[in-house]
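The values are calculated or read from the model by the stated rules, or taken from the named source; none is laboratory data. Keep in mind the model is a prediction, meaning the values are calculated, not measured. Methodologically, a virtual Cβ is constructed for each residue, glycine included, from the backbone with ideal geometry; neighbour enumeration extends over all protein chains shown. With ligands, DNA and RNA removed, areas are computed over all heavy atoms of the protein, side chains included. Shrake-Rupley method; radii C 1.70, N 1.55, O 1.52, S 1.80 Å.
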Amino acid sequence: SVPSAADDDEDAYDLPRKSRDPLDDMGFMRQARRKAFWRRPLVRASLLLLALALAALLAVQVGVQERDRLAASRPALRPWLESLCVAFDCQVRPPRRIEAIAIDSSGFIRVGGAQYQLTFTLKNQAQHAVAVPALELTLTDSGDQAVVRRVFLARELGAQTDTIEAGADWSGSLGLALEAGVPGERIAGYRLLAFYP
């Protein structure tokens with residue numbers, strides 16, 4: 001019989017043949033040769049090395065992506081993560097978990113003229129240190145419409161470190177002056193929001 005194109009495609013996967021025995025062209029013989037190929041020690045060793053290399057690559061990718069969380073939850077990994085970041089041009093920083101930050105208390109009072117004082121206490125509810133967030137202050141009028149909005153980064157808030165320790169409170173106070181053209185009589189309230197920029 002004339003060999004079909006399908007037979008040629010299947011033969012491309014066959015191992016070299018020592019003879020042209022008609023039984024070699026039988027489907028069960030080709031299948032047996034394929035199974036024998038995957039059972040060879042060299043093929044199995046190559047597949048094992050490939051699997052180990054892919055697992056190592058995945059571990060590196062997870063390490064880079066989750067470096068902050070891993071360093072906080074497993075401090076013993078920090079030196080390894082920092083050396084990994086040297087190669088990938090990144091930094092290990094405190095984790096940013098805004099759901100762990102609660103504004104425990106805050107106040108906004110007028111101290112004279114266009115001068116105001118903002119006070120706040122942030123609480124870290126996580127079991128590990130988290131990064132100090134930024135604060136967004138929105139001054140509102142009597143209809144709760146925004147009049148002025150301003151963002152304060154951690155360094156502007158007077159943070160001495162870049163972290164709030166596990167279960168700790170962090171309090172701050174900030175003096176503010178309204179910009180020219182913003183009438184103080186319009187200010188009736190405020191909203192304070194913690195976030196990571």
ask   = Taking the Cα centre of the range 118-197 as origin and charging only Cβ (+1 Lys, Arg; -1 Asp, Glu), how large is the dipole, in debye to the nearest 20?
value = 40
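Give me D for the range 140-197 in µm² s⁻¹, whole number, from Stokes-Einstein with Rh from the Kirkwood sum over alpha-carbon pairs, 37 °C and 0.692 mPa s.
The calculation lands on 237 µm²/s.
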inquiry  = In whole Hz and in residue order, list the ³J(HN,Hα) couplings for the range 137-148 that follow from phi through the Karplus curve 6.51 cos²θ - 1.76 cosθ + 1.60, θ = phi - 60°; x for Gly and Pro.
reply    = 9, 10, 8, 10, 8, 5, x, 6, 8, 5, 9, 9
message = With an 8 Å Cα cut-off and a minimum separation of 6 or more residues, compute the relative contact order for the range 63-106 in percent.
response = 38
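Evaluate the charge dipole of the range 154-197 about its Cα centre and quote only its size in Debye, nearest 20, assuming +1 on the Cβ of each Lys and Arg and -1 on the Cβ of each Asp and Glu.
160
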inquiry  = Rounded, prolate or oblate, given the Cα gyration tensor of the range 86-136, with a/c below 1.5 counting as rounded?
reply    = oblate
ask   = Sorting Leu178, Leu193, Leu49 by accessible area (1.4 Å probe), largest first, what list results?
value = Leu49, Leu193, Leu178
remark   = Share of Cα-Cα pairs in the range 81-169 beyond 17 Å, whole percent, is 61
request  = Could you tell me the accessible area of Trp38 in Å² (1.4 Å probe, neighbours in place), rounded to the nearest ten?
outcome  = 140
query = Which value, in Å² and to the nearest 10, is the accessible area of Val147 when all protein chains are kept and the probe is 1.4 Å?
reply = 40
ask   = What percentage of the solvent-accessible surface of the range 69-197, computed with a 1.4 Å probe over protein heavy atoms, is contributed by carbon and sulfur atoms?
value = 49
inquiry  = Which of the three applies to the range 47-197, rounded, prolate or oblate, going by the alpha-carbon gyration tensor with a ≥ b ≥ c and a/c under 1.5 meaning rounded?
reply    = prolate
task = Express the accessible area of the range 41-197 per residue in Å², computed with a 1.4 Å probe while the remaining protein chains stay in the model.
result = 62
